[in-house]
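The values are calculated or read from the model by the stated rules, or taken from the named source; none is laboratory data. Treat the numbers as computed from the prediction; the structure is a model and nothing was measured. Cβ placement follows ideal geometry from the backbone for every residue including glycine, while neighbour counts extend to all protein chains displayed. Quick note on the areas: whole protein, heavy atoms, side chains included, nothing else; ligands and nucleic acids left out. Shrake-Rupley method; radii C 1.70, N 1.55, O 1.52, S 1.80 Å.
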Amino acid sequence: MSAWVLPDHIADVLPSEARHIEELRRQLLDTARGYGCELVMPPLLEHLESLLSGTGEALDLQTFKLVDQLSGRSMGLRADTTPQVARIDAHLLNRRGVARLCYCGPVLHTRPDRPHATREPLQFGAEIYGHAGLEADTEVLLLALDCLRAAGVHHPVIVDLADARIVRALFAGVPVDAATIARVHAALAAKDASGLGAITAGFPAAAREGLLALVHLYGDAAVLDEAAKVLPDSAGMRQALADLKHLAQKLDGARVSFDLADLRGYAYYSGMRFGIYTEGASDALVRGGRYDEVGAVFGRNRPAVGFSLDVRELVGVLPARPLRAAIRAPWSDARGLAQTIAALRGQGETVVCVLPGHESEIDEFHCDRELIEQAGQWKVQSI
C-alpha cells in the first residue's frame, strides 16, 4: 500500500472546502458569542478516566486509547467535547451562576458513526451550565437555529424533540440490568416492535405496554396528546410531556416534530433532547439536549444543556462559496509597488503577486482587479 494513502474515513481538506470550513467556524463562534458564550479550548488528549467517566459505553467504544509515556496512565483522544467542558465548568471556572461556553475543535472516532461519515469531525458546540429552567433549553434551541441560519442553511429545517425522562419513567421500578436496557434502547431506536416485545416479555404490564407504545409515538404535536393517553400516568411523565409542549411553542415559526422513542446520541442526556434536520443531510445536522448529570463525576452536579454539530458535515449540505475576490499584482521591484501592496493588504484586501512564468495559472482566488502603474503611481483597476 502506498505510504500516502490515508486511513479509511480520514481525508485531507483541500483549499476551497478548507476556506469554507474556516469561514463557517468563525461565523458559528461569532453567533455563539452574540448570545454571551465564552470560548474554551479543551485539549485533544486527556486522561481516560476524566474523558469517559459517566459517559456510557457508546463514547467508550468511539474513543482511541493509548498509554502516556511520561506517567504510564491510560489516555484517550476525545471523541466528544461535552465531558471536557463539564470538567472545565466544574473545576476550572467553578462559578456559582450561569456559564455559557462554546468550543470548536476536532474530535476523533474509532469508527464512523454512519456510512460515509468522517472519523475526524470538526465539532462545534455551545452549552449553558447553572440553570435548570426551560429558559436555558429554549435559548440553546434558538441558538442552534440561529447558527444554521448564519451558516447559510436556507432549506426548511425540522426540529425533532424527545425527552430522556420518558423512557426512564417507564423503567422505574423494573428490575433489569444494563445489558437489557441497552437492548431496549436499540429496539426503540430501530422502531422494532417485535424485537421490543420479545425483550420486554417479562416486564410489568404497564412498563411493557408503555415501551411498545413509544415505537408509534412520533409525528406532529398530536403525539403529545396521544402520549398522555397511552403512557403510564406519573408526575415525571406529565412534566416531560408538558416541557416538550412548552418548548415547541417557543419555537414558533420553526417546524417541530416529536419522536418519543429517540435515544440516539450519548448516554449522558437526562431530559429534553433534540435533533435538527434539513434537506441534503443524511442525519441530524445538530444534536443536543439537557444533561444535568454530566458533571456529577467531577464533584459538581450542575444543570447543563447544549448542542453540537460537525462543521465539516454542515459544509457538505451548503452550496459552494464563490472564490474570494483578489487583486493581481506583478512581481517587480518597481518603485512604490511594495508599499502599495502592503497598504492594500493592511486594508484587508487579498493581493496575489504573479510569480514570473505563472501568469495564467488558476488558483483559489478570483482576481477581478489588478495593480497597474500610471504616471509613476500604482493604481487598482478592474479587469
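Quick look at the numbers
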quantity	calculated
Tally, over region 297-323, of residues that are open to solvent by 50 Å² or more (accessible area, probe 1.4 Å) and in contact with a Lys or Arg (Cβ under 7 Å, 6 or more places away or on another chain)	0
Test: residue in region 112-121 that is open to solvent by less than 40 Å² (accessible area, probe 1.4 Å), among the polar types (S, T, N, Q) and in contact with a His (Cβ under 7 Å, 6 or more places away or on another chain)	yes
Filtered residue count, region 252-270, keeping only those that are of a type outside the set (D, E, K, R), within 21 Å of residue 57 (Cβ to Cβ) and open to solvent by 10 Å² or more (accessible area, probe 1.4 Å)	7
Subset tally (residues that are surrounded by 15 or more Cβ atoms within 10 Å (Cβ to Cβ) and small (Gly, Ala, Ser)) for region 237-251	2
Out of 261, 267, 284, sole residue that is modelled with pLDDT under 95, closer than 29 Å to residue 21 by Cβ and part of a loop (DSSP other than H, G, I, E, B)	284
Residues of region 167-181 satisfying the condition of being free of Cβ contacts under 8 Å to residues at least 40 places away in the same chain, on the phi < 0 side of the Ramachandran plot and in a loop (DSSP other than H, G, I, E, B)	174, 175, 176, 177
Odd one out for residue 100 among (1) open to solvent by less than 40 Å² (accessible area, probe 1.4 Å); (2) at pLDDT 90 or above; (3) outside any loop (DSSP other than H, G, I, E, B)	(1)
Residues (surrounded by fewer than 20 Cβ atoms within 10 Å (Cβ to Cβ) and either modelled with pLDDT of 90 or more or in contact with a Cys (Cβ under 6 Å, 6 or more places away or on another chain) (or both)) located in region 271-281	277, 278
Residue list for region 75-89, restricted to those being assigned to a helix (DSSP H, G or I) and open to solvent by less than 10 Å² (accessible area, probe 1.4 Å)	82, 83, 84, 85, 86, 89
Any pair with Cβ under 7 angstrom, 6 or more apart, that starts in region 145-166 at a residue that is at positive phi and ends at one that is surrounded by fewer than 22 Cβ atoms within 10 Å (Cβ to Cβ) and of a type in the set (A, V, I, L, M, F, W, C)	152/318
Which numbered condition residue 218 misses (of (1) without any contact (Cβ under 8 Å) to a residue 24 or more places away in the chain; (2) open to solvent by 50 Å² or more (accessible area, probe 1.4 Å); (3) among the hydroxyl-bearing types (Ser, Thr, Tyr))	(1)
Meets criteria (closer than 30 Å to residue 84 by Cβ, touching a Ser or Thr at 6+ places or on another chain (Cβ under 6 Å) and either basic (Lys, Arg) or in contact (Cβ under 8 Å) with a residue 12 or more places away in the chain (or both)) for residue 297	yes
Pair list, Cβ under 9 Å, 6 or more apart: region 101-129 residue in contact (Cβ under 8 Å) with a residue 24 or more places away in the chain and among the acidic types (Asp, Glu), other residue part of a strand (DSSP E or B) and open to solvent by 10 Å² or more (accessible area, probe 1.4 Å)	120/106; 127/100; 127/308
Whichever residue in region 132-159 is open to solvent by 20 Å² or more (accessible area, probe 1.4 Å), touching a strand residue (DSSP E or B) at 6+ places or on another chain (Cβ under 8 Å) and assigned to a loop (DSSP other than H, G, I, E, B) and, among such residues, is modelled with the lowest pLDDT	155
Residue ID - least open to solvent (accessible area, probe 1.4 Å), chosen from residues in region 358-370 that are in contact with a Leu (Cβ under 7 Å, 6 or more places away or on another chain) and in a strand (DSSP E or B)	365
